[in-house]
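The values are calculated or read from the model by the stated rules, or taken from the named source; none is laboratory data. All values derive from a computational prediction rather than experimental measurement. Cβ placement follows ideal geometry from the backbone for every residue including glycine, while neighbour counts extend to all protein chains displayed.
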Amino acid sequence: MKKIYKITGMLMMCAALSAPIMTSCSDDNYDTQQYKGGVNLNVWGPRPVARGGELRFLGSGMDRITSITLPGAGDVTDISVVSNEEIRIIVPQNAEPGKVVLHHANGDIESLTELSFTEPISLDEISPMTVKPGQQITLSGDYLNLIEEVIFTDEVAVGIKDFITHTRQEISLVVPAEAQTGKITISDGGEPIPNHIHSEEDVTIVLPSVERVADLTKIKPGETVTITVKDIDLVTAVEMPSGEQVEFNVNEDKLSFVLPADVTDGTICMLPASGVKVAIATIGVALPEEVVADPASAIWGGDVIKFKGINMELVTGVSFPNVEEIVVPDNVTPTEISVTVPAGTQSGNAVLRTASGGAVDVEISTLKPEAVAYTPAPAALASSLKVTGRNLQNVTAITFGGAATVEVTGATATEFTVNIPATLTAGSNTVTLTLSNGETIDTDAIELTAPECAYATELPAEDAEINAGETFSIMIANADKLTGVKVNGNDVQYILNGNRLIIQVPESAGKNSTFTLLSSNGEISYNIAFIPATHVENVIFSEVRDLGSWAGEDAGGAFRLYKSSFEGVPAGAKLVFHISPYDYTQIQVNDANWGQMAMLEPAQTATTAEFELSAEVLNRILTTDDGWSETAMVIQGQGTVVSKVHIEWENSLETVFWTGNADLTGWGGMQDFAWNDDAIANIFSTWKPGQILRAYYTTTGGSQPCIKFGRGEDWAMLPGSAQEYYDCPASQTNVEFILTADDINQLVNNHGLLIQGNDIILTKLTIE
């Protein structure tokens, strides 16, 4: 073999790296501070180094060095870039002592110290050059007595204690099982960076082998494969194309294994201890062939479709377009399978899947509306429109002009009716139908005409925040025809300034409100979501009264609050006194017959004093009769002036839509709202994303109280569920579910809501 040297000695580190080791010959902008950017050399070595050895340069911007000049050897351009902080070169045999120069695009860097050389450790010969793990290999050269480690490819090392022989001219050792083909490196084990000498040529490490790679085309999972292998004793694993390792048997030179059920197309390999993969077979797993769908068109969720072909028994599942879950066939034979089309399926490729991971695409298409027509045509904005045709039963929405979408309810196979949005532009408008599976169908455009009554030309954006109790404005047309405005059927105040209409929103308005523009020649209504006014504050007394020292009513102290002020007040409301204390303060709260209910003692720094109106208190003040007045309370006390009294409470946005006692013990289901068209039209279709569905319950004492929110069609959990079943601990009274747009779509288009659970009794359902 050729002789090659490589010695990497201990790097001669500077006493302080802040002192430059190299000087720059160029007045450029490169940063020469340690590892701060630019081109900067911090340390280099080893020094001394052997001719033929490796020289390392550490710093920043090292990847921008283009050549290195060594005395006697000229420019070295064969530079190994380890990173932007390290490069390496091999020292030529003709290199001489002296300074080295690093060259980059913007200048040169010359060393302050000189290159020097060490003893000529040599690696002259390796025998044999082809060797099997477990066999002995011998290295010959000079000064090998300095070597402490022999390193094979991929850092597989044999230490000095495992050398069989170790002299100045020879080292022998057993090749480790993990060794791989490549150059061999000898190391002196020096610190911090050991000297390394690499062989010039690769040493070939014997691998298990086959005469030829077997072709397993059309083989099926479960069959046994047998391969003849040379050096079979080296085999430690058999790996499938997926990376899965399987059990194998060895009988003399025969390697056998069973193809797993999930085997995929690709290459099967055997592995020795080194982990080097050796191909033994390629596999093309059998797949269904000549597959056709029957029917292939006009299908819909719930239909049964057959796929016919060859090898159909291999099919374990079918993926339908737009459906996440894989559907297991209802029936399987070698020539056909039957599958129930899942809800939500769209047109596209159905994918037949096998246990091996194989896939076969078959095109299918869904049932589409046909022969769509409009009555009347043209139609007026804000008017009723009848849409007729065929296959309309799956239409859930219609979009006009690419912008205004109207929900469709009660569609039959031949017709449905919607109100045309008044905010559209008169003229030709495109029409798009949305189906319950999410597909959209473009139909003929419709000609629209402007209404003659007052109508809104622009509505607030969907994300606009309009608070109940405040005002909002819209632009209208035909303003001269406007005669009034209603919100939820009640007349409201408004200001008309040209075509701008400013509307006062009542405090009672909520998320699902309707405002109506009344005209002399008709009316138009719009749905809009207001932010409800939840805080209610009613002033019931506004006289200034000095309670003095238990001063009476005639002295301007004590005062009365009357029953009319407490009508409709919810339990838990607060009675708030606005006070200005000037001495030790007491406020006595009495019923109409001067029976004390509370004695409030606010601090002299307080500005208010509160008294909770419990259900018991409200009942007492509304039913106690003094025989001559409608007094609810008599207030007296000392040490403060009372300037005002108000009642405040928070209105709940939670709406109850069901109460009862539904026993869900034993994984039962409450189906009152499943397959319920009225509930879909009047409840679920009015819900908005972000609303909270609450289920109130009591536990039965069972060990696993829980609840699931599902859709009526197949009891599948709603897509927004964090888990299928929510725990229902006895310490709680309800479970909350935050609705997503997808959840609401599932409730509307997949037959409503189903509540399923165990060990609980469902008592109430609310939406907030």
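Annotations
Yes/no matrix, rows are residues, columns are (1) under 23 Å from Glu537 (Cα atoms); (2) assigned by TED's automatic domain parsing to the domain that holds Gly710; (3) at pLDDT 95 or above:
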{"site": "Asn593", "(1), (2), (3)": "no, no, yes"}
{"site": "Leu600", "(1), (2), (3)": "yes, no, yes"}
{"site": "Glu612", "(1), (2), (3)": "yes, no, yes"}
{"site": "Thr631", "(1), (2), (3)": "yes, no, yes"}
{"site": "Gly637", "(1), (2), (3)": "no, no, yes"}
{"site": "Thr659", "(1), (2), (3)": "no, yes, no"}
{"site": "Met670", "(1), (2), (3)": "no, yes, no"}
{"site": "Asn676", "(1), (2), (3)": "no, yes, no"}
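- A Cβ distance below 7 Å, combined with a sequence gap of six or more or placement on separate chains, defines the contacts here; from segment 478-496, residues that are small (Gly, Ala, Ser) reach residues that are buried (at least 18 other Cβ atoms within 10 Å of the Cβ) and part of a loop (DSSP other than H, G, I, E, B) in the pairs Ala479/Ala454.
- Search result, residues across segment 439-469 that are over 23 Å from Tyr374 (Cβ atoms) and surrounded by fewer than 14 Cβ atoms within 10 Å (Cβ to Cβ): Glu458, Ala461, Glu462, Asp463, Ala464, Glu465
- Taken over segment 496-506, the criterion of being surrounded by fewer than 12 Cβ atoms within 10 Å (Cβ to Cβ) and either under 44 Å from the mean Cα position of the chain (by Cα) or at negative phi (or both) is satisfied by Asn497 alone.
- The set of residues in segment 552-609 being within 24 Å of Asp625 (Cβ to Cβ), hydroxyl-bearing (Ser, Thr, Tyr) and surrounded by 13 or more Cβ atoms within 10 Å (Cβ to Cβ) consists of Tyr562, Ser565.
- Of all the numbered requirements in (1) in contact with a Leu (Cβ under 7 Å, 6 or more places away or on another chain); (2) touching a residue at least 60 places away in the same chain (Cβ under 8 Å); (3) not acidic (Asp, Glu), Val315 misses one, and that requirement is (2).
- Among the residues making up segment 703-732, none is out of contact with any Cys (no Cβ under 9 Å at 6 or more places or on another chain), surrounded by 14 or more Cβ atoms within 10 Å (Cβ to Cβ) and over 21 Å from Glu325 (Cβ atoms).
- Filtered residues of segment 175-203 (kept if more than 22 Å from Thr165 (Cβ to Cβ) and of a type in the set (Ser, Thr, Tyr)): Thr181
- Only listed residue being among the small types (Gly, Ala, Ser) and free of Cβ contacts under 8 Å to residues at least 40 places away in the same chain, chosen from Gly510, Gly548, Gly568: Gly568
- Residues (outside any strand (DSSP E or B) and either in contact with a Phe, Trp or Tyr (Cβ under 9 Å, 6 or more places away or on another chain) or not hydrophobic (A, V, I, L, M, F, W, C) (or both)) located in segment 522-540: Phe530, Pro532, Thr534
- Candidates in segment 74-101 are the residues that are part of a loop (DSSP other than H, G, I, E, B) and surrounded by 19 or more Cβ atoms within 10 Å (Cβ to Cβ); of these, the one that is modelled with the highest pLDDT is Val100.
- The set of residues in segment 702-723 that are assigned to a loop (DSSP other than H, G, I, E, B), more than 18 Å from Gly752 (Cβ to Cβ) and modelled with pLDDT of 85 or more comprises Gly702, Ser703, Gln704, Pro705, Gln723.
- One residue from Ala533, Ala509 being surrounded by 15 or more Cβ atoms within 10 Å (Cβ to Cβ), closer than 22 Å to Ile476 by Cβ and modelled with pLDDT under 90: Ala509
- Candidate set: segment 166-180, residues that are without any contact (Cβ under 8 Å) to a residue 40 or more places away in the chain and under 14 Å from Ser127 (Cα atoms); chosen: the one surrounded by the fewest Cβ atoms within 10 Å (Cβ to Cβ): Gln169
- For segment 645-701, residues that are surrounded by 13 or more Cβ atoms within 10 Å (Cβ to Cβ), in a strand (DSSP E or B) and under 33 Å from the mean Cα position of the chain (by Cα) total 11.
- Scanning segment 194-228 for residues being aliphatic (A, V, I, L, M), at pLDDT below 85 and over 50 Å from the mean Cα position of the chain (by Cα) gives a total of 1.
- For segment 198-224, the tally of residues that are more than 30 Å from Phe152 (Cα to Cα) and outside any strand (DSSP E or B) stands at 8.
- Val304 crowded, with 17+ Cβ neighbours inside 10 Å and touching a strand residue (DSSP E or B) at 6+ places or on another chain (Cβ under 8 Å): no
- Asn521 vs. criteria surrounded by fewer than 17 Cβ atoms within 10 Å (Cβ to Cβ), modelled with pLDDT under 90, outside the structural domain of Tyr584 (by TED's automatic domain parsing) and touching a Ser or Thr at 6+ places or on another chain (Cβ under 8 Å): no
- Output for segment 293-321, where each listed residue is assigned to a loop (DSSP other than H, G, I, E, B) and either of a type in the set (Gly, Ala, Ser) or within 15 Å of Lys368 (Cβ to Cβ) (or both): Pro295, Ala296, Ser297, Ala298, Trp300, Gly301, Gly302, Asp303, Pro321
- Residues in segment 325-358 that are in contact with a Pro (Cβ under 9 Å, 6 or more places away or on another chain) and among the charged types (D, E, K, R): Glu325 alone.
- Residues (acidic (Asp, Glu) and either crowded, with 19+ Cβ neighbours inside 10 Å or under 25 Å from the mean Cα position of the chain (by Cα) (or both)) located in segment 733-768: Glu736, Asp742, Asp743, Asp759
- Applying a threshold of 8 Å to beta carbon distances and a minimum spacing of six or more residues, or different chains, the list of pairs starting in segment 322-339 at a residue that is in a strand (DSSP E or B) and ending at one that is among the basic types (Lys, Arg) reads Glu336/Lys306; Glu336/Lys308; Ile337/Lys306; Ser338/Lys306; Val339/Lys306.
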